[in-house]
1. Of these, Ala2, Ala8, Ala35, which one is at pLDDT below 70 and either part of a loop (DSSP other than H, G, I, E, B) or aromatic (Phe, Trp, Tyr) (or both)?
2. Any chance the stretch 41-48 includes a residue that's loosely packed, with under 10 Cβ neighbours inside 10 Å and at positive phi?
3. How many residues does the stretch 19-32 hold that are loosely packed, with under 10 Cβ neighbours inside 10 Å and either among the β-branched types (Val, Ile, Thr) or at pLDDT 70 or above (or both)?
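The values are calculated or read from the model by the stated rules, or taken from the named source; none is laboratory data. As the structure is a prediction and not an experimental result, all values here were calculated from the model. A quick note on method: Cβ atoms are made from the backbone with ideal geometry, for glycine too, and the neighbour counts reach across all protein chains shown.
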Amino acid sequence: MAKKIRRARRPLPTPPLSPVPAQATPEAARPAPGASSASGNGKKVDFAADYYYVLHDLRTMGIIAAGMLAILVALSFIIR
C-alpha cells in the first residue's frame, strides 16, 4: 500500500481590489458593517414566487428515482 503524503495547503489567492473613488458612496448611504442589504432595507423576499418551479422539479425527480429503484429490484429478481 502506498504511503500517504501530507502536504501543507496553500491559501487561496485573493482577487485584487479595485480602487474605490472617494466620492462613490457617501458615509450616510453606506450600510452598517454587520447589516445585510436584505434585512437593512426592510424588504421581504417571497421565495415561493421566485422558486415556484422547485417543488415540481423535486416531485418529478422523486418519481423518477422511485421508478428506477423499482426497475432495479425487478431486474434483480429476473437476473437470478
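1. Only one candidate passes the filter, namely Ala35.
2. Looking for residues that are loosely packed, with under 10 Cβ neighbours inside 10 Å and at positive phi, one finds at least one in the stretch 41-48, hence yes.
3. 1
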